[in-house]
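S.K.: Mind having a look at this structure? Questions to follow.
The values are calculated or read from the model by the stated rules, or taken from the named source; none is laboratory data. Everything numeric in this text was worked out from a predicted model, so none of it was measured. All Cβ positions, even for glycine, are placed from backbone atoms using ideal geometry, and neighbour counts span all protein chains on display.
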Amino acid sequence: MRIALRTKVRADRIEEYEAAHREVPGELVAAIRRAGATTWTIWRSGTDLFHVIECDDYARLLAELEHLPVNVTWQARMAELLDVVHDYTDEGSSAGLPVVWEL
């Protein structure tokens, strides 16, 4: 399945956010893959961040990552940099940007 998300980086933390993503911990990358993600791409337009995730099951992905210590640490770091964070609640497991058109 493919999920598109929107988050928002704080205007004064863009450089720090991008630097953090050049150094995503290998342990976290491996955990994301084990949880079923095959790709996760993030684009930035100003402070808006657009994520596209290809995964087996998005709800399972979130459930497996939510309490994993390496992800908890990463999400805490991201919370310092973001105005709108990735949603790990039950509502978030089914949330995503609605598809308007696809070729």
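S.K.: I want to confirm something. Restricting to segment 62-103 and keeping residues that are among the acidic types (Asp, Glu) and not in a helix (DSSP H, G or I), which single residue is modelled with the lowest pLDDT?
M.R.: The selected residue is Asp87.
S.K.: Could you go through segment 8-18 and let me know if any residue there is among the hydroxyl-bearing types (Ser, Thr, Tyr) and free of Cβ contacts under 8 Å to residues at least 40 places away in the same chain.
M.R.: Taking every residue of segment 8-18 in turn, none turns out to be among the hydroxyl-bearing types (Ser, Thr, Tyr) and free of Cβ contacts under 8 Å to residues at least 40 places away in the same chain.
For (1) loosely packed, with under 14 Cβ neighbours inside 10 Å; (2) over 23 Å from Leu97 (Cα atoms); (3) modelled with pLDDT of 95 or more, each residue gets a yes or a no:
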site	(1), (2), (3)
Ala11	yes, no, yes
Glu15	yes, yes, yes
Ala37	no, no, yes
Ile42	no, no, yes
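S.K.: Then there is this: Which residue, of Gly26, Gly46, is at positive phi and either more than 11 Å from the chain's Cα centre (by Cα) or modelled with pLDDT of 95 or more (or both)?
M.R.: On the way: Gly26 fails: at positive phi.
On inspection, the qualifying residue turns out to be Gly46.
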